[in-house]
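Here's the structure we're looking at; comments come further down.
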Amino acid sequence: MSYFSDGFTKNKLIVLYVLREHGLELTREQFTTLAGESELMPFFELQAAVSELEEEGLIAAVPRVFGQAYTLTAMGRETIDMFAERLPLSLREELQEYVELSGGKLHRSAQYSSGTEKLPSGVYRVTLKALESDNELISLSLLMPDAQSARLACKNWENSAGEIYRFLFDRLLNEAKDAD
């Protein structure tokens, strides 16, 4: 019998390990990005692992302005602290390296969210949000003429949100000063 976990148990330990090492709440989308970029596990296995960990009370879904995120519970932290060694050292080192490299990117994606909705008139409403510690800094709702424009706006939001926020903030303060 092998000392190291494999199969579904290994996948669940990976999810717990990543949550512990990141120290952030992660959405399913962020988990999917992580698993896809690092080729840790197939999409459906990841989704099953997250669902089962939630059912077992090892992770908890937390509602956030940007959507539902997952965090370790006390029992989940105890579990990964006890069983992290069941992941090979090489895998733990790979996960740690990935966490360090992707930390900023995952943190940014937790701060910026976007979504689209097709309206009956055929146009698309794009909702863009920037968050800081669960506080909504800005929320924009824009109408886009087609799906391609809506996707492009969402795609560019994460890299442009800070600049757009600063522009609006400065512009609004300058306008207020000009009125005085």
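The values are calculated or read from the model by the stated rules, or taken from the named source; none is laboratory data. Please read all numbers here as calculations on a predicted model, not as lab measurements. Here Cβ is always computed from backbone atoms with ideal geometry, including for glycine, and neighbour counts include all displayed protein chains.
Data overview
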{"quantity": "Given (1) touching a Lys or Arg at 6+ places or on another chain (Cβ under 7 Å); (2) exposed (fewer than 15 other Cβ atoms within 10 Å of the Cβ); (3) at pLDDT 80 or above, number of the condition Phe4 does not satisfy", "calculated": "(3)"}
{"quantity": "Entirely in segment 25-102, the helices (runs of 4 or more DSSP H) that have 2 or more residues that are over 16 Å from the mean Cα position of the chain (by Cα)", "calculated": "43-55, 74-83"}
{"quantity": "Scan of segment 34-68 for residues that are modelled with pLDDT under 75 and out of contact with any strand residue (DSSP E or B) (no Cβ under 9 Å at 6 or more places or on another chain), ordered by number", "calculated": "Ala35, Gly36, Glu37, Ser38"}
{"quantity": "Top-ranked residue in segment 119-170 [being among the small types (Gly, Ala, Ser) and within 19 Å of the chain's Cα centre (by Cα); ranked as farthest from Glu25 (Cα to Cα)]", "calculated": "Ala153"}
{"quantity": "Residue check for Ala61: among the small types (Gly, Ala, Ser) and surrounded by fewer than 14 Cβ atoms within 10 Å (Cβ to Cβ)", "calculated": "no"}
{"quantity": "Leu143 modelled with pLDDT of 95 or more and either hydrophobic (A, V, I, L, M, F, W, C) or farther than 25 Å from Gly23 by Cα (or both)", "calculated": "yes"}
{"quantity": "Selected residue [in the same structural domain as Leu95 (by TED's automatic domain parsing), surrounded by 15 or more Cβ atoms within 10 Å (Cβ to Cβ) and over 19 Å from Phe83 (Cα atoms)] from Gln68, Gln30", "calculated": "Gln30"}
{"quantity": "Tally of residues being in a strand (DSSP E or B), among the small types (Gly, Ala, Ser) and surrounded by 13 or more Cβ atoms within 10 Å (Cβ to Cβ) across segment 119-172", "calculated": "1"}
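Yes/no per residue for (1) farther than 23 Å from Ala161 by Cα; (2) surrounded by 13 or more Cβ atoms within 10 Å (Cβ to Cβ); (3) modelled with pLDDT of 90 or more:
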residue	(1), (2), (3)
Gly76	yes, yes, yes
Phe83	yes, yes, yes
Gln96	yes, yes, no
Ala110	no, yes, no
Gly115	no, yes, no
